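Participant: Below you'll find the structure I mean.
The values are calculated or read from the model by the stated rules, or taken from the named source; none is laboratory data. From a predicted model like this one, the values you see are computed outputs, not experimental measurements. Counting neighbours? That spans all protein chains shown, and the Cβs are built from the backbone with ideal geometry, glycine included.
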Amino acid sequence: MNKNPYARLFEPVQIGPVVTKNRFYQVPHCCGMGHVRPRAHAAMRGVKAKGGWGVVSTEEAEIHPSSDLAPYAEQRIWDKKDIPALQLMTEAVHEHGALAAIELTHSGHNSTNLFSRIPAMSPNAQAVNFLYPKQARRMNKKDISDFRAWHRQAALNAKAAGFDIVYVYAGHGMSVAQQFILPDMNNRSDEYGGSLENRLRLTRELLEETRDAIGDSCGIAFRFAVDELKGKDGMQFQEEGRAVVEILAEYPDLWDVNVSDWSNDSQTSRFQPEEAYQMPYVEFVKSITTKPVVGVGRLTSPDLMVKLVESGALDLIGAARPSIADPYLPNKIKEQKTDQIKECIGCNICVSSDNFTVPIRCTQNPTMGEEWRRGWDPEYIKPKITDQRALVVGSGPSGLECTVQLARRGYQVILAESENELGGRVLFESSLRGLSAWKRVVDNRVHEILQKSNIEVYKESRLKAEHIDELGINNIFLATGSSWRKDGIGRSRRKPISGLETITVYSPEEAVQNYKDIKGPIVIYDDEQGYLAGVVADHLIAKNIEVVFVTPASVVSPWTDSTLEQKRVQAGLISSGVKIMCNHSISKIENSAAQLECTYTGSITELPCETIVMVTERISDTTLYDSLVQNNLEGKTQYNVQIIGDAEAPGLIADAVYLGHLAAQNFEADEADIQKGMFMREMPSLK
């Protein structure tokens, strides 16, 4: 028998008084559940432990009401009343032999205390780190003493809740500890300010006091951002970042190292396509400390993981987003089923969930966030009920997911696609500049489809109602997608733009396909205000096409703020030479010019325009669905027809994948059970 080439990844690692069974470490990450949805949170983390992760961590856990992160749903460990909810998570993780970790935090000026209404505190008196007109007050000596006491008590409560590893947190600009360390956030002149030794004093005290409180039975982890990626305007790993590691080298039981802030730590594949992109900043740490080191960087390649361990760069393979995309990643590597790994695409839909304060979701893994409320698991699905067959029309993200899951349940499935390649909208979007990783959504599913003996695939098959009659299949899932409208109707206006017939109007796909024929000047009109218009602009400008970007929004691609990309998007377009005109809608086209109306004043500006790329709204393709439903109504047929994905309601690729998964889960379920199982809700106790 050949030795598993990944055996090094399954060696135990000592972390203070505890031992993790392998080197797979799910670092703390937010999930939009927190203290608000403790059962859902526990179930989600439990599935990761079941999937083989050796350590499973919470998100940041507020240690006191003076660090209230509302409206965001993070963890809370304010007092002993929070222990039972947190215990749900530790028990779920321990059930599968993993260690449970908790990230204690006080967020300083990164919290607004909108719920508690306690004035925020920070090393300096300064504005809170959200667009809210209030400031944090400067912490005095009593505040510092109180904070240390709160942190110690939170550590004791964490131990009581069953956690094996407890964090001291100094990363992402989101914690008091880091705010004291960074000179631009700490201008104090007392023993907690000035020199690096003084700015580190509080962190050292937290590490010492946490060890004193619980170090006999819990590992003490230190999460530290070694570089802010600001150059000389911030902490750099070659200078003070390294000095911090040298001073505190042996204080924690584990170093969890990354870069700051969150937008740098969780960069999207659009702007950082490389795996292990953080390694140049963090690989020095292992040469300084004898303690184990965990690092991240959207690691999904088992071969690279082994290389990082064998080279001495890391002891533990850290992951947030890859553990979301595939909670079973460790088990698949252990079983040498690496071709089955659902690789993270770096889209940050998971991040957006936390920013919108809703349960976490994932483009690759539609079961993420649904483990408790729907009982879903990414690798296991209920078996078929009968021997009925199913037809899926359309192989976009929804059709592919529906096909895979129906086949996993054991049904015979026919997948019909009108084009000569499977993938639908993902093929177009992943062809754009910066989005190549998104092709994994198709590749993972097509690979599985090709392995299944109970799936038949027919390409270049544009089905009509009469074709379906000939197939004799009663269960039909229509994933026929949508197309971009070209009349100007969008988020800001509900009637067509007049005069469009006098110029060339392209959809995004047409503009990219026909870029050599584009006649300038070209306007990209973004009244969807999502991500695509910005990507198309970037794609075309890279082909030396002069672009003017017009949007009624106040910034380019405002939705991308939720995925931590907006500043990079706008900065990239500006540096590429795209002319940007925000706060303007197109009212009409006249004399080869777009009449731009100011969103606020209604004043008109003329913009020369021969070609417009419309990114406004999409129209669902319901032609086949309407025909089949009409036949049912007329009594000609009795099909079980369901429309899914963008054909039902255009949205994100993640939405389409989810709707395809939901349809497969609900196939042949009793309607009462479907309604009952829409999902469970966590209700507050009224005791």
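Participant: Please work out if Lys159 is under 32 Å from the mean Cα position of the chain (by Cα), assigned by TED's automatic domain parsing to the domain that holds Asn110 and modelled with pLDDT under 95.
Facilitator: For Lys159, the condition - under 32 Å from the mean Cα position of the chain (by Cα), assigned by TED's automatic domain parsing to the domain that holds Asn110 and modelled with pLDDT under 95 - is not met.
Participant: Then there's this: Can you tell me which residue within region 8-27, out of those that are in a loop (DSSP other than H, G, I, E, B) and touching a helix residue (DSSP H, G or I) at 6+ places or on another chain (Cβ under 9 Å), is surrounded by the fewest Cβ atoms within 10 Å (Cβ to Cβ)?
Facilitator: Per the stated criteria, the residue is Glu11.
Participant: Ser266: closer than 15 Å to Asn348 by Cα and either outside the structural domain of Val441 (by TED's automatic domain parsing) or among the hydrophobic types (A, V, I, L, M, F, W, C) (or both), yes or no?
Facilitator: Yes, satisfied.
Participant: In region 627-674, which residues are polar (S, T, N, Q), touching a residue at least 24 places away in the same chain (Cβ under 8 Å) and either within 17 Å of Arg389 (Cα to Cα) or touching a Leu at 6+ places or on another chain (Cβ under 7 Å) (or both)?
Facilitator: Thr637, Gln638, Asn640, Gln642, Gln665 - these are the residues of region 627-674 that are polar (S, T, N, Q), touching a residue at least 24 places away in the same chain (Cβ under 8 Å) and either within 17 Å of Arg389 (Cα to Cα) or touching a Leu at 6+ places or on another chain (Cβ under 7 Å) (or both).
Participant: Can you tell me which residue in region 119-133 is modelled with the lowest pLDDT, limited to those that are closer than 26 Å to Leu200 by Cα and part of a loop (DSSP other than H, G, I, E, B)?
Facilitator: Phe130
Participant: Just to check your reading of the model, which residue among Ala325, Ala276 is touching a residue at least 12 places away in the same chain (Cβ under 8 Å), buried (at least 18 other Cβ atoms within 10 Å of the Cβ) and at positive phi?
Facilitator: Checking each option against the conditions leaves just Ala276.
Participant: Any chance you could count how many residues in region 352-381 are modelled with pLDDT under 95 and charged (D, E, K, R)?
Facilitator: Here the count works out to 3.
Participant: Of the residues Ala647, Ala663, which single one is surrounded by 12 or more Cβ atoms within 10 Å (Cβ to Cβ), modelled with pLDDT of 95 or more, assigned by TED's automatic domain parsing to the domain that holds Arg433 and in contact with a helix residue (DSSP H, G or I) (Cβ under 6 Å, 6 or more places away or on another chain)?
Facilitator: Every option except Ala663 fails the conditions.
Participant: Next question. Going by the structure shown, is Thr502 of a type in the set (Val, Ile, Thr) and over 30 Å from Asn591 (Cβ atoms)?
Facilitator: no
Participant: With surrounded by 15 or more Cβ atoms within 10 Å (Cβ to Cβ), without any contact (Cβ under 8 Å) to a residue 40 or more places away in the chain and either out of contact with any Asp or Glu (no Cβ under 9 Å at 6 or more places or on another chain) or in the same structural domain as Glu417 (by TED's automatic domain parsing) (or both) as the only criterion, which of Tyr515, Tyr506 stands out?
Facilitator: Tyr515
Participant: Might you let me know whether region 28-48 holds any residue that is assigned to a strand (DSSP E or B), under 22 Å from the mean Cα position of the chain (by Cα), modelled with pLDDT of 95 or more and buried (at least 23 other Cβ atoms within 10 Å of the Cβ)?
Facilitator: no
Participant: Here are Val282, Val259: which of them is outside the structural domain of Gln566 (by TED's automatic domain parsing), without any contact (Cβ under 8 Å) to a residue 40 or more places away in the chain, touching an Asp or Glu at 6+ places or on another chain (Cβ under 9 Å) and of a type in the set (Val, Ile, Thr)?
Facilitator: Matching residue, one of Val282, Val259: Val259.
Participant: Just name the residue that is nearest to His584 (Cα to Cα) out of those in region 619-661 that are among the charged types (D, E, K, R) and more than 24 Å from the chain's Cα centre (by Cα).
Facilitator: Asp621
Participant: Looking at Thr480, is it β-branched (Val, Ile, Thr), buried (at least 22 other Cβ atoms within 10 Å of the Cβ) and touching a strand residue (DSSP E or B) at 6+ places or on another chain (Cβ under 8 Å)?
Facilitator: yes
Participant: May I pose another question? Would you check which residues across region 401-419 are buried (at least 24 other Cβ atoms within 10 Å of the Cβ) and assigned to a loop (DSSP other than H, G, I, E, B) and list them?
Facilitator: Selection gives Glu417 alone.
Participant: Also: Take region 195-225 and flag every residue that is of a type in the set (Ser, Thr, Tyr) and under 33 Å from the mean Cα position of the chain (by Cα).
Facilitator: Thr203, Thr210
Participant: Looking at this structure, is Pro71 modelled with pLDDT under 95 and not small (Gly, Ala, Ser)?
Facilitator: Answer is yes for this residue.
Participant: Out of the residues in region 134-158 meeting the condition of being out of contact with any helix residue (DSSP H, G or I) (no Cβ under 8 Å at 6 or more places or on another chain), in a helix (DSSP H, G or I) and charged (D, E, K, R), tell me which one is farthest from Gly194 (Cα to Cα).
Facilitator: This residue is Asp146.
Participant: Read through the list (1) surrounded by fewer than 20 Cβ atoms within 10 Å (Cβ to Cβ); (2) free of Cβ contacts under 8 Å to residues at least 24 places away in the same chain; (3) under 26 Å from the mean Cα position of the chain (by Cα), then give the number of the only condition that Leu686 fails.
Facilitator: In the conditions (1) surrounded by fewer than 20 Cβ atoms within 10 Å (Cβ to Cβ); (2) free of Cβ contacts under 8 Å to residues at least 24 places away in the same chain; (3) under 26 Å from the mean Cα position of the chain (by Cα), Leu686 misses (3) alone.
Participant: Continuing with this model, one more query. Determine the pairs where a residue that is closer than 22 Å to Ser592 by Cβ and touching a residue at least 24 places away in the same chain (Cβ under 8 Å), located within region 522-551, has a partner that is aromatic (Phe, Trp, Tyr) and buried (at least 21 other Cβ atoms within 10 Å of the Cβ) with Cβ atoms under 6 Å apart, the partner being 6 or more residues away or on another chain.
Facilitator: From region 522-551, the pairs are Ile524/Phe549; Ala537/Phe549; Val550/Tyr525.
Participant: Considering every residue within region 484-503, establish whether at least one is crowded, with 17+ Cβ neighbours inside 10 Å, touching a helix residue (DSSP H, G or I) at 6+ places or on another chain (Cβ under 7 Å) and either under 30 Å from Ile455 (Cβ atoms) or not small (Gly, Ala, Ser) (or both).
Facilitator: Yes, region 484-503 has at least one match.
Participant: Right, here's the next one. Hey, Lys142 hits all of (1) crowded, with 23+ Cβ neighbours inside 10 Å; (2) more than 15 Å from Ala61 (Cβ to Cβ) but one; which does it fall short on?
Facilitator: Of everything listed in (1) crowded, with 23+ Cβ neighbours inside 10 Å; (2) more than 15 Å from Ala61 (Cβ to Cβ), Lys142 misses just condition (1).
Participant: Among the candidates Arg45, Arg8, Arg23, single out the residue that is touching a Phe, Trp or Tyr at 6+ places or on another chain (Cβ under 8 Å) and either touching a residue at least 24 places away in the same chain (Cβ under 8 Å) or not aliphatic (A, V, I, L, M) (or both).
Facilitator: After applying the criteria, what remains is Arg23.
Participant: Could you list, in sequence order, the residues of region 420-453 that are touching a residue at least 40 places away in the same chain (Cβ under 8 Å), in a loop (DSSP other than H, G, I, E, B) and either in contact with a Ser or Thr (Cβ under 9 Å, 6 or more places away or on another chain) or exposed (fewer than 15 other Cβ atoms within 10 Å of the Cβ) (or both)?
Facilitator: Within region 420-453, Asn420, Gly424, Gly434, Leu435, Lys452 meet the criteria.
Participant: Which condition does Lys382 not pass, out of (1) more than 24 Å from the chain's Cα centre (by Cα); (2) surrounded by fewer than 19 Cβ atoms within 10 Å (Cβ to Cβ); (3) within 27 Å of Ser482 (Cα to Cα), if it passes all the others?
Facilitator: Every listed condition holds for Lys382 apart from (3).
Participant: Identify, from the list Lys291, Lys286, the residue that is surrounded by fewer than 22 Cβ atoms within 10 Å (Cβ to Cβ) and basic (Lys, Arg).
Facilitator: Residue meeting the stated conditions: Lys286.
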